[in-house]
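The values are calculated or read from the model by the stated rules, or taken from the named source; none is laboratory data. Bear in mind the structure is a predicted one, so any value in this text is a computation, not a measurement. Here Cβ is always computed from backbone atoms with ideal geometry, including for glycine, and neighbour counts include all displayed protein chains.
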Amino acid sequence: MPGLEDLYREIILDHYRSPRNRGELPVPPAHKVEGFNPLCGDEVVLYLDVDAGNGQVRDVRVSGQGCSISQASTSMMSAAVKGKPLSEVRKLIRAFKALMSIHESKLEGDGGGLDEDGLAPDGADGNAALDDVRLGDLEALQGVVKFPVRIKCATLAWNTLQQGLDEVATPSPAG
């Protein structure tokens with residue numbers, strides 16, 4: 001489907017050239033978390049302002065540098081989670097990772113097993129995890145799985161977000 005691939009390429013380039021939610025937030029009240037991919041040098045700095053009272057991502061800002069895939073994914077992630085309830089954000093994280101693992105497992109011909117999130121990477125059970133989640137522009141990144149080394153570029157922001165949410169949920173004793 002060359003037309004769809006062109007559209008996806010344009011979405012990725014748009015987010016790379018005009019990243020959403022670029023900048024910083026004051027720490028505290030925001031929480032700062034950094035992600036780094038030593039294989040290629042991609043880095044993501046994420047500022048999360050989470051309202052613990054209502055369990056919602058009040059604001060998110062991103063910075064960093066890297067390839068077009070990592071930076072576009074970071075921009076798309078920030079737009080997708082801003083203003084969303086934490087339960088929905090966690091569901092988006094699982095759905096995005098499932099999207100990456102479903103396509104990756106199909107490319108590798110692997111038909112079984114569960115990934116680290118307990119999702120089936122292939123078959124009806126894996127697809128069911130995505131049924132009620134709308135990924136929108138994020139689906140443009142599904143073509144990345146044709147290049148397995150780039151999957152880490154696409155998931156860096158999401159892994160960093162997961163780390164940040166985990167840190168916010170369990171604050172350090174010094175904080």
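Listed values, structure above:
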read-out	value
Qualifying residue in the stretch 43-59 (condition: among the basic types (K, R), touching a Gly at 6+ places or on another chain (Cβ under 7 Å), modelled with pLDDT of 95 or more and more than 15 Å from R150 (Cα to Cα))	no
Which listed residue is surrounded by 13 or more Cβ atoms within 10 Å (Cβ to Cβ), in contact with a strand residue (DSSP E or B) (Cβ under 6 Å, 6 or more places away or on another chain) and part of a loop (DSSP other than H, G, I, E, B), from L46, L25	L25
Number of the condition not met by P85 [criteria: (1) in contact with a Gly (Cβ under 7 Å, 6 or more places away or on another chain); (2) surrounded by fewer than 18 Cβ atoms within 10 Å (Cβ to Cβ); (3) in contact (Cβ under 8 Å) with a residue 60 or more places away in the chain]	(3)
Lone unmet requirement of (1) farther than 20 Å from V144 by Cα; (2) surrounded by fewer than 16 Cβ atoms within 10 Å (Cβ to Cβ); (3) modelled with pLDDT of 95 or more for L114	(3)
Lone qualifier among E34, E43 - being over 23 Å from D14 (Cα atoms) and of a type in the set (D, E)	E34
Yes/no for D125 being assigned to a helix (DSSP H, G or I), at pLDDT 85 or above and surrounded by fewer than 16 Cβ atoms within 10 Å (Cβ to Cβ)	no
Number of the condition not met by P148 [criteria: (1) at pLDDT 90 or above; (2) closer than 19 Å to N37 by Cβ; (3) not polar (S, T, N, Q)]	(1)
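Results for (1) of a type in the set (G, A, S); (2) within 16 Å of G164 (Cβ to Cβ); (3) in contact with a strand residue (DSSP E or B) (Cβ under 9 Å, 6 or more places away or on another chain), shown as yes or no for each residue.
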{"site": "S18", "(1), (2), (3)": "yes, no, no"}
{"site": "V33", "(1), (2), (3)": "no, yes, yes"}
{"site": "P38", "(1), (2), (3)": "no, no, no"}
{"site": "V62", "(1), (2), (3)": "no, yes, yes"}
{"site": "T74", "(1), (2), (3)": "no, yes, yes"}
{"site": "V81", "(1), (2), (3)": "no, yes, yes"}
